[in-house]
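Everything on this sheet refers to the single structure shown next.
The values are calculated or read from the model by the stated rules, or taken from the named source; none is laboratory data. Not measured: the values here are computed from a predicted model. A quick note on method: Cβ atoms are made from the backbone with ideal geometry, for glycine too, and the neighbour counts reach across all protein chains shown. Just the protein is used for accessible areas: all its heavy atoms, side chains included, with ligands, DNA and RNA removed. Shrake-Rupley method; radii C 1.70, N 1.55, O 1.52, S 1.80 Å.
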Amino acid sequence: MMPKPSLQSHDARQARASNDASARGPYQQSAANPAPAVLRAESLAKSFGGLKAVDGLSFSLAKGELLGLIGPNGAGKTTCFHLLHGQLKADHGAIFLQDQDITRLASTRRSQMGLARSFQVAAVYPALRVIDHLRFAQRMPVLRGLRWLENVNASDASAAMIWLQRLQLDNQAHRFAHELAYSDLKRLELAMVLAQRPSVLLMDEPTAGLPAAARQSLMRLVRQLASEEQLAVLLTEHAMDVVFGFADRLMVMHRGRLIAEGSAQAIAEDEAVREAYLGSLKLHAILAARVSG
């Protein structure tokens, strides 16, 4: 059985990673002048019987930052997302959004306060036109529920078209959702979320099911919009070209605990991460493309 990584080794790796300024995206955070946290978790814990799914997780996420959460299956990533968005209640610890304690708030209230989430499978309405998805989404604090049935005004169309243009869907505005390619459905869901003007976006495997070229295209859009909107993005993803190619910073979970945190380069070279998750996976080409890009 693999030994459990120690907190002491994580602290040492985190100190080394803070000195590694290479291979960053548009988001930049100075050690002397760190960006304020928009989302913050402190000592989060959640158990199911004797299984500690999340065990003392602490992290912060800043405006405009794209933070990747990775780890093997069963590491606790999905449970972490459920805790942050309110589908599950934490046993211990606290969650802060814009310095407000949201630990005990329902997921709908968190959404109203600016915490949005997209899912692995695109959640759209096949019989609605693309532009109507945006017109409805602009009037909602959440993406699901009977409030979808409330009337919308024709004046919403102009603002909806702006979002469709930014997500490169304006030429499909009057098509029905069931007519779109899957890559376009993922962009449509993203447009629906962004139209509600969140401050934090949780993305659960946003490129699942997409080929390499479509993954790259979607993530370039996400990174651009995060920068332009100063949107804080936390994503979990198994596609290594996504997390190592686009995230400003990475966190690695294993058996419910955070075992490493730092730049893509630092995580790629971390021995504990190699042992727990990456194995012998070669990341040189991805990291080289990131630097040259």
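Observations on the structure shown:
- Being more than 17 Å from Leu164 (Cα to Cα), touching a residue at least 40 places away in the same chain (Cβ under 8 Å) and among the charged types (D, E, K, R) is a condition met by no residue of region 206-221.
- Which numbered condition Ser199 fails, given (1) at pLDDT below 90; (2) touching a strand residue (DSSP E or B) at 6+ places or on another chain (Cβ under 9 Å): (1)
- Residues satisfying the stated conditions in region 46-80, i.e. touching a Phe, Trp or Tyr at 6+ places or on another chain (Cβ under 7 Å), closer than 23 Å to Gln230 by Cα and among the small types (Gly, Ala, Ser): Gly64
- Hits in region 160-179 - residues which are part of a loop (DSSP other than H, G, I, E, B), under 15 Å from Leu128 (Cβ atoms), open to solvent by less than 20 Å² (accessible area, probe 1.4 Å) and not small (Gly, Ala, Ser): Leu169
- Segments classed as strands (runs of 3 or more DSSP E), wholly inside region 223-293, with at least 1 members that are farther than 20 Å from Leu210 by Cβ and open to solvent by 10 Å² or more (accessible area, probe 1.4 Å): 249-254, 257-262
- Among residues of region 37-58, those that are touching a strand residue (DSSP E or B) at 6+ places or on another chain (Cβ under 9 Å) and open to solvent by 10 Å² or more (accessible area, probe 1.4 Å), counted: 12
- Any hit, region 122-130, residues being modelled with pLDDT of 90 or more, of a type in the set (D, E, K, R) and in a loop (DSSP other than H, G, I, E, B): no
- Within region 103-127, residues that are more than 25 Å from Leu185 (Cα to Cα) and among the small types (Gly, Ala, Ser) sit with their Cβ atoms under 9 Å from residues that are modelled with pLDDT of 85 or more and buried (at least 19 other Cβ atoms within 10 Å of the Cβ), at 6+ positions apart or across chains, in these pairs: Ala106/Gly86.
- Pairs are defined by a Cβ separation below 7 Å, a sequence spacing of at least 6 or placement on different chains, a first member in region 264-293 that is closer than 16 Å to Gly68 by Cβ and hydroxyl-bearing (Ser, Thr, Tyr), and a second member that is open to solvent by 60 Å² or more (accessible area, probe 1.4 Å) and assigned to a loop (DSSP other than H, G, I, E, B); no pair meets this definition.
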